[in-house]
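What follows is one structure encoded as structure tokens, with my remarks underneath.
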Amino acid sequence: MAPPLTSIKGGVTVYDVVIIGGGIGGYMAAIRAAQLGGKVLLAEARELGGTCLNRGCIPTKAMVHSAAIYTKALQGETIGLNFTDLSLDFSGVARHRDEVVKTLVQGVEGLMRANAIEVTRLKAEIIAPGKVLLNQETVESKHIIIATGSRQGMPPIPGIDNPGVVDTDAILNSQTLPQSLLILGGGVVGVEFASIFASFGVKVTVVEMLPGLLSTMDSELGKRLSLCLRKAGVEILTNTRVSKISQVPQGLSVDMEGNKGNTQVDVQQVLLAAGRVPDFGGLDLEGMGIDYDSRGGIQVDKTMATNVPGIWAIGDCVGNMMLAHVASHEGIVAAENIMGHEAKMDYRVVPACVFTQPEVASVGSSEDELKARKLEYKVAKFPFIANGKALAQRDLDGMIKLVAGAGGEILGVHIIGPHASDLIAEGAVAVHQCMTAGELAGIIHAHPTLAEAIAEAAYGLGGGSFHYKGR
């Protein structure tokens, strides 16, 4: 374990805020409180940066980059590049992954020092409002923020504790590739790992209980991504549940029940990716009288305050939206309220991104939601195959989909294709500002860029796209 960045000061020191948990929500709250003049102590028993930086968002994105470059290289002859000795060095991929994480963790440590934030690597316990026990020492604070994150959910499947059944923490520490992998869960985490490992030549099977992938997004995105993953060699089994996992000489045998009846597949590893649940870090919430639900998380208001004065909660332990960018914003809101500035969380416009090949991103209302609410709406789509920049770089899969209300106001933006995670920012602004299709189309978009596809889709909601004749 790394040594503390600073030692806890004894005596009569009273902090403005003690933050329990140094993930992205916790350290962003610490920085914002310090910027506003607060004296801050951040308690994190593991690595700074939490799950996202160390065991989630960042290491997976490093691997996504390696996978994307490798895939492009394999397809190099389509753009006139021939590699005579192209090979995959997964130990090098792992080294790149680990170096990225190490660099960013060091960066967060530097930010703590630069903002005069005290950091301790001791496990924290709240013993009363305003009092936190760190090992044998009690510190006092006017406010406490709980930012203890989440943990992998464990489905009640016989054999789930067998060797070879791994969670995302374990697979992101691996220095070798499995020959075959069954991924339990077709949500964001599941499809990202499916895309990564399929790109590296692993035989991948995805098992999802629901009818389609990415169930929280516009259903068309999941359907289109399924086609792309299947083209990459991924077997996808929807409406299917795992009933048992057994050890066999070659690895694991997985029994399933689904549309095809009872089936069985043998794999080397099973990856658990069926969702996360709030983690309260061993804190005695009930003893403190803090309202919470074991699966739904700690209950907070729009300022991120709990029902106990002086105690706040942010991030995955709240359970509103388990996204790193939501946690960081919740941390900022909590810190600003603690330091006397009024701020409230607004979850109406939250972009979601999936880093597969191709990428997927979404913000605002889906077509499915508007249809279910029986609201009048219009849809326009523009395929990347009709975009000059996408054609030039051979990124032809996917499309922009805009959903607008009867008056033309943009209610949702849904993208599958190259750089969807970057392009969705414009969609988030359009939805947040209640822009009409005409207003979005009226903004001059640079040429040649992928972003022109957004303008073309906006024109499609009116008189029609210029470079594509279709719905």
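Every read-out reported here was derived from the displayed coordinates using simple, explicitly stated rules and does not represent laboratory data. In this text the structure is predicted, and so the values were computed from the model without any measurement. All Cβ positions, even for glycine, are placed from backbone atoms using ideal geometry, and neighbour counts span all protein chains on display.
A few points about this structure:
- Identified option (computed log10 I(q)/I(0) by the Debye sum over Cα atoms at q = 0.09, 0.11, 0.14 Å⁻¹; candidates (i) -0.69, -1.01, -1.38; (ii) -0.70, -1.06, -1.61; (iii) -0.62, -0.90, -1.33): (i)
- Partnerless cysteines, meaning none of the other Cys C-beta atoms lie under 4.7 Å away, in the chain: Cys228, Cys317, Cys353, Cys434
- Inter-label distance, His65 to His432: 2.5 nm, where each label sits 7 Å from its Cα along the C-beta direction.
- Summing +1 for each Lys or Arg and -1 for each Asp or Glu among the other residues whose beta-carbon sits under 15 angstrom from that of Gly76 gives -1.
- Those lysines that a straight Cα-Cα span of less than 19 Å connects to Lys344, excepting residues fewer than 8 apart in one chain: Lys302
- In the stretch 225-327, trypsin sites (Lys or Arg not before Pro) in a DSSP loop with at most 14 other beta-carbon atoms within 10 Å: Lys260, Arg295, Lys302
- Whole-angstrom gap from the stretch 247-304 to the stretch 397-452, using each part's C-alpha centre: 34 Å
- Sparse-neighbourhood loop sites, chymotrypsin sites (Phe, Trp or Tyr not before Pro) in the stretch 312-408 - DSSP loop, at most 16 other Cβ within 10 angstrom: Tyr347
- Structure-based [θ]222 nm, the chain - -39500 (n - 2.57) summed over DSSP H runs of at least 4, per residue, nearest 500: -9500 deg cm²/dmol
- Rounded FRET efficiency, nearest 0.05, which uses the C-beta distance separating Glu77 from Lys374 and R0 of 35 Å: 0.10
- In Hz, Karplus ³J(HN,Hα) per residue of the stretch 297-307 (6.51, -1.76, 1.60; θ = phi - 60°; x = Gly, Pro): x, 6, 7, 9, 9, 5, 8, 6, 8, 7, 6
- If R0 equals 45 Å, the separation of the Cβ atoms of Ala128 and Gln393 corresponds to a calculated FRET efficiency of about 0.15.
- Using alpha-carbon coordinates, inclination of helix 188-199 to the longest axis of the chain, degrees: 60 degrees
- Counting only lysines at least 8 places from Lys378 when in the same chain, those with an alpha carbon closer than 18 Å to its own are Lys401, Lys469.
- Within the chain, antiparallel bridges make up roughly 60 percent of the DSSP beta bridges whose residues both belong there.
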